[in-house]
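All remarks here apply to the structure that follows.
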Amino acid sequence: MLRSTLSKVLLIVFFALLLGYYDLPSKWQKVPGTPDAFTNARVHLGLDLQGGSQLDYKVDLRKVPEKDKASIIEGVKNVINKRVNGLGVSEPNIYTSTVGDEEHIVVELAGVKDLNEAKKVVGKTIQLEFKEKREKPDPQHKENVKKLGQTTLQKVLSKKGTFELVGQEESQASPGKVRFEEVDWQFLKEVVDPKISVEIGKTTAGTVIPKLLEGNNGYSIEDQQITPLDGYFIVKVIDKRSAADLPVDQKALEVSHILVSYRGADKAPEGVTRTKEEAKTRAEELHTKLTAVTKFESVAKESSDEPDAKNTGGKLGDAVRMNGNYLPAFTAAALKLTRAGELSAVTETAYGYHIIRADNFNQVKYSQIFFATADDPWQETPLTGEQFERADVTFDQFLQPTVSIQFDGEGAKLFEEITARNIEKPVAIFVGGNLISSPNVREKIAGGNAVITGRFRVQEAQALARDLNTGAIPAPVILSGQYTIGAT
């Protein structure tokens, strides 16, 4: 009995010493024959102990049939896992979560403190799409776009997700057709569409304009054709401010001016005969007249040598900013003004002598979701990134870099069908909503290989192949939550 007890005690002591030796720093583990498993051992701390980042991604499954949802979610999870491995994170924790009727993938990255880098790598959406030419315009297209806009507006107004989250979700679901953007500080007259500008001006900061707005969002240029970007807007006014007291490198203002030119000045109008000295004297006389509360616009129309001053009353089209569109002396004089109606001193530039009046310092910052109503010349096919296997950089007969794509069995069959019905017609390849190329199909293509040509440089082709290999994602993901967790 005594011997048995002694054996147990010795065994316990031995294991205690062994565990203590295992726990020593490797530099003190000097006993000959110590296994590598001891000297190379590492303790992996979880997110709660080590700290790091947690990213919550919502998977947009609106275009996925119910029977395919489980496999698509697993495919997205696998893509994200590949990306996380590229970050070099030790033992990341990636899992799915159901929130109401939404599917989410949560990524826990222990030890990663640079949240922006993690977001940039993990959440990149590289959608690969193959489209064929639309035979005729869809007569219901504009009405369908309007319905989508109205549905999205109701989602925003009912607070089913933040404005930013809904905007990102819609733009990723319909790349190239729906665009979400945050517009940094602007003057109201800088808003592209005057009708939208009026609505923004009437809306208080922090408020979504409670109606779908129709207007213009600029122009697009494709195949040397200029197309107006008409469509519908959902707008949230984020904030409003006066730029009057901002630091000079952030300051901006709208101005009017009166120019007194002279013979020999840059772009002096024909018929100007006054000397430089006479021009300065004339400018000082006008300045005195203006400080006596004479209407600025009237004086500008009567006395300014600025082209078209008779129509504009001296108002300039572009706001004044540091490093903007005006000469340095003009900019410096304007940026000294701090209240609407204030006049600058007479200021000399190469064009002559200026009197500058501050008109407006008020700016707005807003977000918008834009739904384009222009007819889409391309229609979707079932061939997407879901059937993608891998991409490689190849070179054509002219030694120009291209990107070769390999599909799985289902993708090979779909590609063969698409090329068979589009002989002597173009098939377009889109990546992330952007048209990369639209080659004409010469014959039916079997074997599951496609080639993307896009006048790439070698580095661009390599980057596209790398992005496709690590991110040809079968469904869009939208970042719905982000957290940086400190170590405990």
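What number of residues within region 107-118 are modelled with pLDDT of 75 or more and surrounded by fewer than 18 Cβ atoms within 10 Å (Cβ to Cβ)?
0
Hey, can you tell me all the residues within region 299-344 that are surrounded by fewer than 13 Cβ atoms within 10 Å (Cβ to Cβ), within 22 Å of Arg282 (Cα to Cα) and not charged (D, E, K, R)? Reasoning before the result, please.
If we filter region 299-344 for residues that are surrounded by fewer than 13 Cβ atoms within 10 Å (Cβ to Cβ), which is where we start, we get 302, 307-308, 310-311, 317, 323, 325, 328, 339, 341.
Of the ones still in play, those that are also within 22 Å of Arg282 (Cα to Cα) are 302, 307-308, 310-311, 341.
Once the filter is applied, which keeps residues that are surrounded by fewer than 13 Cβ atoms within 10 Å (Cβ to Cβ), within 22 Å of Arg282 (Cα to Cα) and not charged (D, E, K, R), region 299-344 yields Pro307, Asn311, Gly341.
Going through region 217-235 one residue at a time, which ones are open to solvent by 60 Å² or more (accessible area, probe 1.4 Å) and modelled with pLDDT of 90 or more?
Asp230
Yes or no: region 242-262 includes at least one residue that is within 18 Å of Ile355 (Cβ to Cβ), among the polar types (S, T, N, Q) and surrounded by fewer than 15 Cβ atoms within 10 Å (Cβ to Cβ).
No, every residue in region 242-262 fails to be within 18 Å of Ile355 (Cβ to Cβ), among the polar types (S, T, N, Q) and surrounded by fewer than 15 Cβ atoms within 10 Å (Cβ to Cβ).
So Arg274 clears everything in (1) open to solvent by 70 Å² or more (accessible area, probe 1.4 Å); (2) basic (Lys, Arg); (3) without any contact (Cβ under 8 Å) to a residue 24 or more places away in the chain except one condition, right? Which one?
For Arg274, the failing item is (1).
State all residues of region 450-470 that are surrounded by fewer than 16 Cβ atoms within 10 Å (Cβ to Cβ) and over 28 Å from the mean Cα position of the chain (by Cα); if no residue qualifies, say none.
none
Going residue by residue through region 386-395, is there one that turns out to be charged (D, E, K, R) and crowded, with 18+ Cβ neighbours inside 10 Å? Steps first, please.
We begin by selecting, within region 386-395, every residue charged (D, E, K, R); these are 386, 389-390, 392.
Filter once more, keeping what is crowded, with 18+ Cβ neighbours inside 10 Å: 386.
Yes, region 386-395 has at least one match.
Being surrounded by 16 or more Cβ atoms within 10 Å (Cβ to Cβ) and not basic (Lys, Arg) is the filter here, so list the residues in region 124-148 that pass it.
Thr125, Ile126, Gln127, Leu128, Glu129, Phe130, Glu132, Val145, Leu148
Filter the strands (runs of 3 or more DSSP E) completely within region 348-467 down to those with at least 3 residues that are under 30 Å from Glu164 (Cα atoms) and not small (Gly, Ala, Ser). It would help to see each step written out before you state the result.
Working: elements: 352-360, 362-372, 378-384, 388-395, 401-407, 427-431, 434-437, 449-452.
Ranges flagged: 362-372, 378-384, 427-431, 434-437.
Quick test of your reading of the structure: Lys336 fulfils all but one of (1) without any contact (Cβ under 8 Å) to a residue 24 or more places away in the chain; (2) touching a helix residue (DSSP H, G or I) at 6+ places or on another chain (Cβ under 6 Å); (3) not polar (S, T, N, Q). Name the failing condition by number.
(2)
Within region 149-185, take every residue that is in contact (Cβ under 8 Å) with a residue 12 or more places away in the chain, open to solvent by 40 Å² or more (accessible area, probe 1.4 Å) and charged (D, E, K, R) and give me the one that is nearest to Thr373 (Cα to Cα).
Lys177
Just give me the residues in region 42-74 being more than 17 Å from Gln172 (Cα to Cα) and either at pLDDT 80 or above or of a type in the set (Phe, Trp, Tyr) (or both), in sequence order. I'd like the intermediate steps shown before the answer.
Initial filter on region 42-74 (more than 17 Å from Gln172 (Cα to Cα)): 42-55, 65-71, 74.
Gln54, Leu55, Pro65, Glu66, Lys67, Asp68, Lys69, Ala70, Ser71, Glu74, listed by residue number.
Could you list all residues from region 345-362 that are over 23 Å from Lys295 (Cβ atoms) and either open to solvent by 20 Å² or more (accessible area, probe 1.4 Å) or modelled with pLDDT under 95 (or both)? Show your work before the answer.
Just the residues of region 345-362 that are over 23 Å from Lys295 (Cβ atoms), to begin with: 348-351.
Passing the criteria: Glu348, Ala350, Tyr351.
Tally the residues that are small (Gly, Ala, Ser), open to solvent by less than 60 Å² (accessible area, probe 1.4 Å) and at pLDDT 85 or above, restricting the search to region 421-449. Outline the logic, then answer.
So the first thing to find is which residues in region 421-449 are small (Gly, Ala, Ser), and the list is 428, 432-433, 437-438, 446-448.
Okay, now just the ones that are also open to solvent by less than 60 Å² (accessible area, probe 1.4 Å), so 428, 432-433, 437-438, 447-448.
Next, from what is left, pick out any that are at pLDDT 85 or above: 428, 447-448.
Residues that pass the stated criteria total 3.
Within region 186-204, how many residues turn out to be outside any helix (DSSP H, G or I), more than 22 Å from the chain's Cα centre (by Cα) and either in contact (Cβ under 8 Å) with a residue 60 or more places away in the chain or buried (at least 17 other Cβ atoms within 10 Å of the Cβ) (or both)? Before the answer, list the steps.
The first filter runs over region 186-204 and keeps only residues outside any helix (DSSP H, G or I), leaving 186-187, 191-193, 203-204.
After this cut, where a residue has to be more than 22 Å from the chain's Cα centre (by Cα) as well, the list is 203-204.
Keeping just the survivors that are either in contact (Cβ under 8 Å) with a residue 60 or more places away in the chain or buried (at least 17 other Cβ atoms within 10 Å of the Cβ) (or both) gives 203.
The qualifying residues number 1.
With the structure loaded, tell me whether Glu416 is on the phi > 0 side of the Ramachandran plot, modelled with pLDDT of 80 or more and out of contact with any helix residue (DSSP H, G or I) (no Cβ under 8 Å at 6 or more places or on another chain) or whether it fails that test.
Numbers: on the phi > 0 side of the Ramachandran plot: no; modelled with pLDDT of 80 or more: yes; out of contact with any helix residue (DSSP H, G or I) (no Cβ under 8 Å at 6 or more places or on another chain): yes.
When the stated conditions are applied, Glu416 does not pass them.
Output the number of the condition that Thr203 fails; it satisfies all remaining conditions of (1) of a type in the set (S, T, N, Q); (2) touching a strand residue (DSSP E or B) at 6+ places or on another chain (Cβ under 6 Å); (3) at pLDDT below 95.
If we test Thr203 against (1) of a type in the set (S, T, N, Q); (2) touching a strand residue (DSSP E or B) at 6+ places or on another chain (Cβ under 6 Å); (3) at pLDDT below 95, just (3) comes out false.
The values are calculated or read from the model by the stated rules, or taken from the named source; none is laboratory data. Because the structure is a prediction, the values reported are computed rather than measured. Please note: Cβ atoms are built from the backbone with ideal geometry, for glycine as well, and neighbour counts cover all protein chains shown. Heads up: the accessible areas ignore ligands, DNA and RNA and are worked out on the full protein's heavy atoms, side chains in. Shrake-Rupley method; radii C 1.70, N 1.55, O 1.52, S 1.80 Å.
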